[in-house]
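Participant: Below you will find the structure I want to go over with you.
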Amino acid sequence: MRVILLGAPGSGKGTQAERLSRATGLVHIASGDLFRQAEREGTELGKLAKSYMEKGLLVPDKVTIGMILERIAESNQGFILDGFPRNMEQAQALDTALAEEAINKVIYIKVPQEELLRRLSERWICRQCETPYNLVSSPPKVAGKCDLCGGELYQRPDDNKETAQKRLEVYFAQTTPLIRYYQQRGNLVEIDGEKTIEEVSKELLALLN
């Protein structure tokens, strides 16, 4: 099974991809995680990715495509793509690389832009294990500390309100044609991302089963 999970920043697609991965055994491949790993390791790619992400811009396609396809090649089983593709060039590169092993399902977690902006401005991340928290919908048990590892929580530079607004503008401008592309191919399904985490998870599992 080869699945693409689409959704704007703040839609919860990362959380849902992790849940799906645990429930199905599919490999979770997240472009953002790959970039942050490169950043932590101090690679040139990491520095480049950071400079774009902090401005709310997308990392250049050539860099993103290369990293994702390399990760897919390492996997001998099905996968869930989270945060990729984000535009037509990436989608076409993915189609070319997969050849006959086509994507089985494209699932779009749809959330209104006003709600996305609210979620992003309230999102905090653990510095150690990168578990996400939302100060309203899923706050930590102890303010400023991760429930899982006790690490310090912080807000990423790209989650402040001004940068978050820019991220959403960039996302919708580049991804709207992508949604139409998969609709025309007949493998896109939309689900309501304003439902609870549990409700969305159940719908996703039902779609894959």
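Participant: Let me confirm something: among A97, A93, A73, which residue is touching a helix residue (DSSP H, G or I) at 6+ places or on another chain (Cβ under 6 Å) and surrounded by fewer than 15 Cβ atoms within 10 Å (Cβ to Cβ)? It would help to see each step written out before you state the result.
Facilitator: Details: A93 fails: surrounded by fewer than 15 Cβ atoms within 10 Å (Cβ to Cβ); A73 fails: touching a helix residue (DSSP H, G or I) at 6+ places or on another chain (Cβ under 6 Å).
So the residue among A97, A93, A73 that is touching a helix residue (DSSP H, G or I) at 6+ places or on another chain (Cβ under 6 Å) and surrounded by fewer than 15 Cβ atoms within 10 Å (Cβ to Cβ) is A97.
Participant: Which is at pLDDT 90 or above, within 27 Å of S201 (Cβ to Cβ) and charged (D, E, K, R), of R36, R22? Break it down stepwise before answering.
Facilitator: Working: R36 fails: at pLDDT 90 or above.
Unique residue meeting the criteria: R22.
Participant: Which one is surrounded by the fewest Cβ atoms within 10 Å (Cβ to Cβ), of the residues in the stretch 1-43 that are β-branched (V, I, T) and in contact (Cβ under 8 Å) with a residue 40 or more places away in the chain? Break it down stepwise before answering.
Facilitator: Keep residues of the stretch 1-43 that are β-branched (V, I, T), which gives 3-4, 15, 24, 27, 29, 43.
In the following step, the residues that additionally are in contact (Cβ under 8 Å) with a residue 40 or more places away in the chain were identified as 3-4, 15, 24, 27, 29.
Numbers: V3: 23, I4: 23, T15: 18, T24: 18, V27: 16, I29: 21.
Within the stretch 1-43, the match that is surrounded by the fewest Cβ atoms within 10 Å (Cβ to Cβ) is V27.
Participant: Cβ-Cβ below 9 Å, separation at least six or inter-chain, first residue in the stretch 174-201 and part of a helix (DSSP H, G or I), second hydroxyl-bearing (S, T, Y) and modelled with pLDDT under 95: which pairs?
Facilitator: I197/T15; I197/S137; I197/S138; V200/T15; S201/T15
Participant: (1) without any contact (Cβ under 8 Å) to a residue 24 or more places away in the chain; (2) small (G, A, S); (3) touching a Lys or Arg at 6+ places or on another chain (Cβ under 6 Å): which one isn't true of G144, the others all being true?
Facilitator: It fails just one condition, (3).
Participant: Something else about it: Would you mind finding the one in V3, V106 that is assigned to a strand (DSSP E or B), on the phi < 0 side of the Ramachandran plot and in contact with a Lys or Arg (Cβ under 7 Å, 6 or more places away or on another chain)? Steps first, please.
Facilitator: Details: V106 fails: in contact with a Lys or Arg (Cβ under 7 Å, 6 or more places away or on another chain).
Of V3, V106, the one residue that is assigned to a strand (DSSP E or B), on the phi < 0 side of the Ramachandran plot and in contact with a Lys or Arg (Cβ under 7 Å, 6 or more places away or on another chain) is V3.
Participant: Being part of a loop (DSSP other than H, G, I, E, B) and either of a type outside the set (S, T, Y) or exposed (fewer than 12 other Cβ atoms within 10 Å of the Cβ) (or both): is that true of D158 here? Give the steps one after another, and end with the answer.
Facilitator: Values: part of a loop (DSSP other than H, G, I, E, B): no; either of a type outside the set (S, T, Y) or exposed (fewer than 12 other Cβ atoms within 10 Å of the Cβ) (or both): yes.
No, not satisfied.
Participant: Sort out which residues of the stretch 44-57 are crowded, with 20+ Cβ neighbours inside 10 Å and not small (G, A, S), and write them in order of number.
Facilitator: Scanning the stretch 44-57 gives a single hit, M53.
Participant: Hey, can you tell me all the residues within the stretch 60-87 that are touching a strand residue (DSSP E or B) at 6+ places or on another chain (Cβ under 8 Å), within 18 Å of L6 (Cα to Cα) and assigned to a helix (DSSP H, G or I)?
Facilitator: Let us first name the residues in the stretch 60-87 that are touching a strand residue (DSSP E or B) at 6+ places or on another chain (Cβ under 8 Å), namely 68, 71-72, 75, 77-85.
Narrowing further to those that are within 18 Å of L6 (Cα to Cα): 68, 72, 78-85.
Of everything in the stretch 60-87, those that are touching a strand residue (DSSP E or B) at 6+ places or on another chain (Cβ under 8 Å), within 18 Å of L6 (Cα to Cα) and assigned to a helix (DSSP H, G or I) turn out to be I68, I72.
Participant: Going by the conditions given, is A49 closer than 16 Å to R71 by Cβ, touching a Leu at 6+ places or on another chain (Cβ under 6 Å) and outside any loop (DSSP other than H, G, I, E, B)?
Facilitator: Numbers: closer than 16 Å to R71 by Cβ: yes; touching a Leu at 6+ places or on another chain (Cβ under 6 Å): no; outside any loop (DSSP other than H, G, I, E, B): yes.
For A49, the condition - closer than 16 Å to R71 by Cβ, touching a Leu at 6+ places or on another chain (Cβ under 6 Å) and outside any loop (DSSP other than H, G, I, E, B) - is not met.
Participant: Next up: Given the conditions (1) within 23 Å of A206 (Cβ to Cβ); (2) of a type in the set (A, V, I, L, M, F, W, C); (3) in a helix (DSSP H, G or I), report the number of the one that L120 does not fulfil.
Facilitator: (1)
Participant: Okay, moving on. Can you tell which of I103, I109, I125 is surrounded by 18 or more Cβ atoms within 10 Å (Cβ to Cβ) and closer than 20 Å to E198 by Cα? It would help to see each step written out before you state the result.
Facilitator: Numbers: I103 fails: closer than 20 Å to E198 by Cα; I125 fails: closer than 20 Å to E198 by Cα.
After ruling out the rest, the residue left standing is I109.
The values are calculated or read from the model by the stated rules, or taken from the named source; none is laboratory data. Fair warning: this is a prediction, and the values are worked out from it, not measured in the lab. Here Cβ is always computed from backbone atoms with ideal geometry, including for glycine, and neighbour counts include all displayed protein chains.
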